[in-house]
Amino acid sequence: MSIESDMYAHLSIDGNLAPLIGTHLYPDVLPQGATLPAVVFARISTPAYNVFGTGGAIGCRPRFQYTIWCSAENEASRETITVALRTALRALRAAHLQSVTFELPRDSHEPETGLWRRDIDALLLHDGE
């Protein structure tokens, strides 16, 4: 299994996150007309990492971006979903995951749609691809 499929399986049933977003967890893009709040995740990059003396790459540290989408009515839930998402990712032990490092979240409002979003980047250190 890939890190994406392991992550989806874990996040979709997480006891703290699932009650907040239901089945509204999507890879790559938010479907048109999706019920909100929702979380979209996408792999942004996959840099390899090396350890001196090993003769090459021994794993990777993929960067994923998680976007929490909310309407004006549920905009206040962004913080609660952020905490649940981070907690769920820290508990993930798929594909030999060694650590998770988070960047600071970025909030924005999309005036055309009236939607609020929060982007959270996470680096997942593991020995797969």
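The values are calculated or read from the model by the stated rules, or taken from the named source; none is laboratory data. Remember, predicted model here, so these are calculated numbers, not experimental data. Methodologically, a virtual Cβ is constructed for each residue, glycine included, from the backbone with ideal geometry; neighbour enumeration extends over all protein chains shown.
Residues that are closer than 17 Å to Ile44 by Cβ, out of contact with any Lys or Arg (no Cβ under 7 Å at 6 or more places or on another chain), assigned to a helix (DSSP H, G or I) and modelled with pLDDT of 90 or more occur in region 68-85; there is at least one.
State which residue is modelled with the lowest pLDDT when the search covers only region 12-50 and only residues that are under 20 Å from Gln98 (Cβ atoms) and among the polar types (S, T, N, Q). It would help to see each step written out before you state the result.
Here is the first cut: in region 12-50, the ones under 20 Å from Gln98 (Cβ atoms) are 14, 41, 43-50.
Subset that is among the polar types (S, T, N, Q): 45-46, 50.
Details: Ser45: 89, Thr46: 81, Asn50: 63.
Result: Asn50.
Being surrounded by 12 or more Cβ atoms within 10 Å (Cβ to Cβ), at pLDDT below 85, more than 16 Å from Leu89 (Cβ to Cβ) and over 12 Å from the mean Cα position of the chain (by Cα) is a description that does not apply to Gly53. Filtering region 89-122 to residues that are small (Gly, Ala, Ser), closer than 17 Å to Arg43 by Cα and modelled with pLDDT of 90 or more leaves only Ala122.
What are the residues in region 86-111 that are small (Gly, Ala, Ser), outside any helix (DSSP H, G or I) and either within 13 Å of the chain's Cα centre (by Cα) or surrounded by 13 or more Cβ atoms within 10 Å (Cβ to Cβ) (or both), if any?
Filtering region 86-111 down to residues small (Gly, Ala, Ser) leaves 88, 91, 94-95, 99, 108.
Still in the running and outside any helix (DSSP H, G or I): 94-95, 99, 108.
Those that are small (Gly, Ala, Ser), outside any helix (DSSP H, G or I) and either within 13 Å of the chain's Cα centre (by Cα) or surrounded by 13 or more Cβ atoms within 10 Å (Cβ to Cβ) (or both): Ala94, Ala95.
Take the conditions assigned to a loop (DSSP other than H, G, I, E, B), at pLDDT below 90 and on the phi > 0 side of the Ramachandran plot and apply them to Gly128. Does it pass? It is false that Gly128 is assigned to a loop (DSSP other than H, G, I, E, B), at pLDDT below 90 and on the phi > 0 side of the Ramachandran plot. In this structure, Ala34 does not satisfy being surrounded by 16 or more Cβ atoms within 10 Å (Cβ to Cβ) and free of Cβ contacts under 8 Å to residues at least 40 places away in the same chain.
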